[in-house]
Ligand SMILES: [Zn+2]
Ligand SMILES: [Zn+2]
């Protein structure tokens, strides 16, 4: 049974419990005989409830609010980076340390084989239980984490191996120590250095894409998003707490979540992500193996495409991918475009 | 008057005092008249003592023991890096910080103009008074110092400007904090990265060339040594304290200094340095301007030579310069060489 | 200085209040409390005549005190925000900011000369939505970087981006961090210099991208510089913070800033640095121009 | 473990005592004090049968437990130290070390295979003057690196260099730090992997050069690893030091070590890593060889 259910998951869980109960009953010969005597067809009963369950699940997940998406992305049972690494790679050797002064457990990384090829895998890592959560700082990386990530990426680059990044963080750590250790520079440096990489980089947002802390390991040639992952410039709670539009009230985070357009679909619309990967019914946490499998397929597809490009082509494409992000109005360009008429119409905004 | 005299400088100082006294007397009309009456020729007297002073100075400095050299290299009045920068460069802008977590005042660096060209200057910096000495940690660099130095070198490299390094450190810092911040890796990383630089690097040991702490900013295409500078794998005191040959007694450092062959002349013999720069009579501290001037001339000469080389030529030469350091016996190669007879005789050791 | 309150001020359109103050004859220094003639402060490059407290500078004033007279030629002035998220209230905010500041968005970019060194100059204005970075700021900066690269001219950038990424443009703002870093990576690779001057305030997404990527990073004294404001993010800021937390001086101590340069020395310091970065080509270009 | 006493031990030719102990049937674990059959310890890869304390390994034993049987082909065995400084007592020390260890100097280098991955292997022997690096060690390492580069084979290096630079060769020893770093810079530039295993002890000039430059750095548990021994250097070590100061675990905590790998897992870990670094060319070479 799943623990830590979200409110909107409860109707499904109740049906799950019912189905399980019925199956247990049907497995008991005495009860089965009893039922037969009463002309009750267990199989039919169960099938009926299962159908209802499917329907409820479809309804629930068709109507998730942006805030529900936030909840899904943060679901305590959601598969984390190390789960995916375990499920879709072989020969993983975790490597540690930034070679400066620390190892940050909020980011993990190491060498592995993925679908037959050596890869460097890197990702934020949240903790499953309270102790691990604290140890991993809830997936909020410190400067040492970003430095470790970059060290591993540059190692992959040196040895011409592609890089897979799993993104899942509420935000970068922002306390006094993070500030003293140069958290801003650590993130900025990663952003810049990732544009120098001469190997394919595919990033997958598997849960929370939290602002600069996410982006710091997510400058990819491709950025994929799991269906229930989110990607946001600021946590909705903080946005609500700051803006008078939301009464400067953290509890109005759901409204902020809607305004911020943080879903995977929006990330694709804005060009920040390239593909949304549909999750198994009810979300990745209901079937981690299936989620891993679809992630594996998508990562392999994108990697395979990128592997046909030369390092220079890769870097040029990566530059252009980010170069065009943003939306603005350029009246002058519009006028010029209009007057050119027959000329190539290149829209200024994407 | 010079302060903090070394023992062997005292005879010179006494004569200096005498000369000054006589000059002061000669400047007093009453005393001068008195002297004339007594038939004393001040000028002749002074000239005589000055000649004696020259002779004493020559004798003293011709007979410096290795330990005296150590004392000279550590002389508290010796010009330091910032003195030389002030005396031989223009437009110096000191730059700070390692972009990780600290700025280490034991290493200074920045942009400057040297003989008309932009250069990056970097060096260990000792303190002149007690307060500055402590602030600068006696010129013992911490990891942040080596990281700052490398950051500035890589900046110079990016902009194709040559690098001048001034070496003057007892040793790298070795306390708990240095260890926690990765002092070994910081030095090692500098050693390796300096071989990647595509611009000329000239290092001058101006005082103490203390082991890895010195080498960490001294991988140069040319390494110059001031006459009374030293370069050693270990402080003589530590060597004496460790080895039974010296009774494990720090106070026998002078013997260790002799055994370690730490003088500028030896550094040249071993191929670790390329040129010894003779200092003004009595040492750089007796005439910093003259010392700076000769350093300037030598740096300019070597830089000018190196500036004719392409980046690839520079790096190849730098590699070969270090590649051949070391002395060993290779009986097999000797036999082969002998049997080849007429062949090119390439000695295995330099 | 109101450390940690910068965001609130920006959000509340402190600009309006400021303008009212500017009409005023007198100004009170928030550090030493000295009440002084506003004109005297202006003449003193908007620093306190008594304690040298650095008041914020409007973008055009910054340009004026930084470049050789008449040398600034603005480019890309006509890009406008378009509220891509339909974020509640954003369009109004932009309109009001445009009216109050006379600017189209939070950053000015152009060619200029500093002590006769030709540069590309970029200056942000805190009064325009806290100088925050949305699509327009990102695009203008990247165009400035691309011009720097193309002409091999140093880029001199004054930050003053209080809010970091402009949250009203959501993920598009976040992406400007990567976009500007991409352009800087190209400059870095091609050895075109990037000089940053951190001014009050420089935070969050701006400090965590281009503002931290200068070949040289200068800072004005006493500026607020840091990653997360106290109300942004969910970190526990309950711990004892040092006096100078998130100031220029703090960042200098932590190795993030090359020099703290008082405003009156900034132009000279930039010129000294530019003399280091000067290339033969640029030098010749300067002579023949 | 006698942390901080390693140098003294090396200096006193502890090797002699060790050999005497080796003749002995019994061995006492310095950590858990368990007295056990020396043969059992040997069979356990020289780790304590009770607490897994890692005893030091002689170079040839290390080769034996690391590489595929019979695959080690030593090269450059015949380089000899020549006392370039005429350092008092050095010639005798070398001679005695040679007699007692049967080695010519402190490091063995050669070709080998690990789980069928071809590599260049370098293993130091602490019993030879503390495994310290003089001209011979430096030259042998650089030749090994150059062979790695030429054949594009990963270099796997076990440290065990107690004394760091060998002070009896003075500045020439110091220069080996730069010389080995030079060769590693070439490997790095050409993408040839360098895997380091830090073993007890790894200090000073060795740790501050090639031992810190591995693409991957593994460490055996409980090894002494650090910059300066307590009696070396003039630092104030009077301050309170953590329990694990200058151990593998300390260095791991400080971000300097990728993994701490028990001896019995070392071969397998190396093989997993080698499978990452494998190049098509090398892989084909391995198949056709
Ligand atoms: Zn004031
Ligand atoms: Zn034991």
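The values are calculated or read from the model by the stated rules, or taken from the named source; none is laboratory data. Please read all numbers here as calculations on a predicted model, not as lab measurements. In this analysis, Cβ positions are derived from the backbone assuming ideal geometry, glycine residues included, and neighbour counts consider all displayed protein chains.
Can you tell which of C:182, C:204, C:219, C:211 is out of contact with any strand residue (DSSP E or B) (no Cβ under 8 Å at 6 or more places or on another chain) and in the same structural domain as residue C:157 (by TED's automatic domain parsing)?
Only one candidate passes the filter, namely C:182.
So residue A:283 fits all but one of (1) closer than 20 Å to residue A:233 by Cα; (2) surrounded by 16 or more Cβ atoms within 10 Å (Cβ to Cβ); what number is the exception?
(1)
Can you tell me which condition residue B:175 does not meet? The list is (1) within 20 Å of residue D:256 (Cβ to Cβ); (2) within 8 Å of chain D (Cβ to nearest Cβ); (3) modelled with pLDDT of 95 or more, and all the others hold.
(3)
Please note which helices (runs of 4 or more DSSP H) are completely contained in the stretch D:209-289 and include at least 3 residues that are under 21 Å from the mean Cα position of the chain (by Cα) and at pLDDT 95 or above.
Correct list: D:248-253, D:263-277.
Regarding residue C:76, is this residue in the same structural domain as residue C:262 (by TED's automatic domain parsing), buried (at least 19 other Cβ atoms within 10 Å of the Cβ) and at positive phi?
In short, yes.
Quick test of your reading of the structure: residue A:166 fulfils all but one of (1) within 18 Å of the chain's Cα centre (by Cα); (2) part of a loop (DSSP other than H, G, I, E, B). Name the failing condition by number.
Single failed check for residue A:166: (2).
For residues that are within 13 Å of ligand 2 (Cβ to nearest atom) and within 21 Å of residue D:202 (Cα to Cα), tally how many sit in the stretch D:49-75.
Here the count works out to 4.
Report, by residue number, each residue of the stretch A:210-246 that is part of a loop (DSSP other than H, G, I, E, B) and free of Cβ contacts under 8 Å to residues at least 24 places away in the same chain.
If the condition is that a residue be part of a loop (DSSP other than H, G, I, E, B) and free of Cβ contacts under 8 Å to residues at least 24 places away in the same chain, then A:243 is the only one that fits.
In the stretch C:168-189, is there at least one residue being surrounded by 24 or more Cβ atoms within 10 Å (Cβ to Cβ) and in a strand (DSSP E or B)?
No, the stretch C:168-189 has no match at all.
Among the residues that make up the stretch A:317-327, is at least one of them modelled with pLDDT of 95 or more, more than 10 Å from chain C (Cβ to nearest Cβ) and part of a helix (DSSP H, G or I)?
Among the residues of the stretch A:317-327, at least one is modelled with pLDDT of 95 or more, more than 10 Å from chain C (Cβ to nearest Cβ) and part of a helix (DSSP H, G or I), which makes the answer yes.
The conditions are (1) touching a helix residue (DSSP H, G or I) at 6+ places or on another chain (Cβ under 7 Å); (2) surrounded by 24 or more Cβ atoms within 10 Å (Cβ to Cβ); (3) under 26 Å from residue A:282 (Cα atoms), and residue A:173 fails exactly one of them. Which is it?
(3)
Somewhere in the stretch A:11-26, is a residue free of Cβ contacts under 8 Å to residues at least 60 places away in the same chain, farther than 20 Å from residue A:168 by Cβ and not in a helix (DSSP H, G or I)?
no
A quick yes/no check of all residues on (1) touching a strand residue (DSSP E or B) at 6+ places or on another chain (Cβ under 6 Å); (2) at pLDDT 95 or above; (3) within 25 Å of residue B:74 (Cα to Cα); (4) at the interface with another protein chain (Cβ under 8 Å from one of its Cβ atoms):
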residue: B:114; (1), (2), (3), (4): no, yes, no, no
residue: B:118; (1), (2), (3), (4): no, yes, no, yes
residue: B:124; (1), (2), (3), (4): yes, yes, yes, no
residue: B:142; (1), (2), (3), (4): no, yes, yes, no
residue: B:160; (1), (2), (3), (4): no, yes, no, yes
residue: B:163; (1), (2), (3), (4): yes, yes, yes, no
residue: B:191; (1), (2), (3), (4): no, yes, yes, yes
residue: B:206; (1), (2), (3), (4): yes, yes, yes, no
residue: B:209; (1), (2), (3), (4): yes, yes, yes, no
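Determine, yes or no, whether residue A:338 is without any contact (Cβ under 8 Å) to a residue 40 or more places away in the chain, farther than 30 Å from residue A:193 by Cβ and at the interface with chain C (Cβ under 9 Å from one of its Cβ atoms).
no
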